[in-house]
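Comments concern the structure below.
The values are calculated or read from the model by the stated rules, or taken from the named source; none is laboratory data. Here the structure is a predicted model, which means the values were calculated and not measured. Here Cβ is always computed from backbone atoms with ideal geometry, including for glycine, and neighbour counts include all displayed protein chains.
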Amino acid sequence: MGAQKERDNGGVVVVTGASRGVGRKRLSPWWAWVDVVAVARSEEALNALVAACTNGPGTLRILVIDLEDEEAAVSIKDALGGKRVIALVHNAGLLNNTNMGLHSRKELEQLYRVNVFAPLELSQALEEELSGDPPGHIVHIGSMGGFQDSNKFPGLVAYSASKAALACIAQCLAEEFKDKGIRSNCLALGSVDTAMLRAAFPGFKSTTTAEQMGRYVAEFSLHGHKLFNGKVLPVAVTTP
């Protein structure tokens, strides 16, 4: 019923990185109660997502946009056409699992373009669409790897640092937008059974499914702003 009430406000939820992992599971039939704009770079994967999401009165619109593109934020804003955004979920992210001595500037720049620059640019671009009452909610999907004093793992220094930067951005945006009717939080996820986790920790099996985490993030995206703002919240059973 809460999701239905949000849909009645006439707004949309924008989810980046929507074609795989937790992002895709976040667009389960539960999400069909709200109107969703799913952003990813793979048209094939997004079309498969449309075919899988058939239940409920909500709508699902796809945008094939690569967040590495410097014009990605402007392209998303233009595609929304001024539509109110009730939640912006920064789910897209790249993994970098590299041993010390092998890091390259090119790969580091690519990592930060997607994990750090794109979320900040898109939040900035959608300030007008997020502003209002009820407050628009920016949800940054972080990682326990970037959470202060959490366990750290070899090979993940660049990835963890990018997620630490994302967490700080989430807190800063709560201050930047405090007079705009926009709230901003970061969920620092622990292990979730996704392809990214398996790439980072071969052979490890998480007890938390993508479906479980997707539903949690969906609920938080629509309602978490009522209780939290400027927070980095750990959401983890295990790390990894």
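Among the residues making up the range 209-233, those that are under 29 Å from GLU128 (Cβ atoms) and β-branched (Val, Ile, Thr) are VAL217, VAL232.
One line per residue, one yes/no per condition, for (1) at pLDDT 95 or above; (2) touching a strand residue (DSSP E or B) at 6+ places or on another chain (Cβ under 8 Å):
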site	(1), (2)
ALA45	no, no
VAL50	no, yes
LEU95	yes, no
MET100	yes, no
HIS103	yes, no
LEU108	yes, no
ASN115	yes, no
ALA125	yes, no
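Select from the range 150-208 the residues that are basic (Lys, Arg) and either over 30 Å from GLU129 (Cα atoms) or touching a helix residue (DSSP H, G or I) at 6+ places or on another chain (Cβ under 7 Å) (or both) and list them in ascending order. Correct list: LYS152, LYS163, LYS180, ARG183, ARG198, LYS205.
Counting only residues that are surrounded by fewer than 18 Cβ atoms within 10 Å (Cβ to Cβ), within 24 Å of VAL34 (Cα to Cα) and of a type in the set (Gly, Ala, Ser), the range 76-108 holds 3 of them. Pairs meeting the criteria (first residue in the range 215-226 and under 9 Å from VAL139 (Cβ atoms), second residue basic (Lys, Arg) and surrounded by fewer than 17 Cβ atoms within 10 Å (Cβ to Cβ), beta carbons under 8 Å, at least 6 apart or on different chains) are lacking. When ALA170, ALA199, ALA174 are checked against the criterion of being in contact with a Cys (Cβ under 7 Å, 6 or more places away or on another chain) and small (Gly, Ala, Ser), a single residue qualifies: ALA170. Restricting the first member to the range 112-134 and to residues that are closer than 14 Å to ALA164 by Cα, and the second to residues that are β-branched (Val, Ile, Thr) and modelled with pLDDT of 95 or more, the beta-carbon pairs closer than 6 Å and six or more apart or on different chains are LEU120/ILE169.
Does the range 76-91 hold any residues that are more than 16 Å from the chain's Cα centre (by Cα) and either farther than 17 Å from VAL14 by Cα or in contact (Cβ under 8 Å) with a residue 12 or more places away in the chain (or both), and which are they?
To start, the set of residues in the range 76-91 that are more than 16 Å from the chain's Cα centre (by Cα) comprises 77-84.
LYS77, ALA79, LEU80, GLY82, LYS83, ARG84, listed by residue number.
List pairs: first residue in the range 58-75 and more than 11 Å from PHE117 (Cα to Cα) and modelled with pLDDT of 95 or more, second residue outside any strand (DSSP E or B) and polar (S, T, N, Q) anywhere in the structure, Cβ distance under 6 angstrom, at least six positions apart or on different chains. Here the result reads ILE65/SER75, each pair linking the range 58-75 to a residue that is outside any strand (DSSP E or B) and polar (S, T, N, Q). Hey, can you tell me all the residues within the range 109-143 that are acidic (Asp, Glu) and surrounded by 20 or more Cβ atoms within 10 Å (Cβ to Cβ)? Once the filter is applied, which keeps residues that are acidic (Asp, Glu) and surrounded by 20 or more Cβ atoms within 10 Å (Cβ to Cβ), the range 109-143 yields only GLU129. Among the criteria (1) without any contact (Cβ under 8 Å) to a residue 60 or more places away in the chain; (2) in contact with a helix residue (DSSP H, G or I) (Cβ under 8 Å, 6 or more places away or on another chain); (3) in a strand (DSSP E or B), the one HIS137 does not fulfil is (1).
Screening GLY155 on (1) on the phi < 0 side of the Ramachandran plot; (2) without any contact (Cβ under 8 Å) to a residue 60 or more places away in the chain; (3) not acidic (Asp, Glu) shows it passes everything except condition (1).
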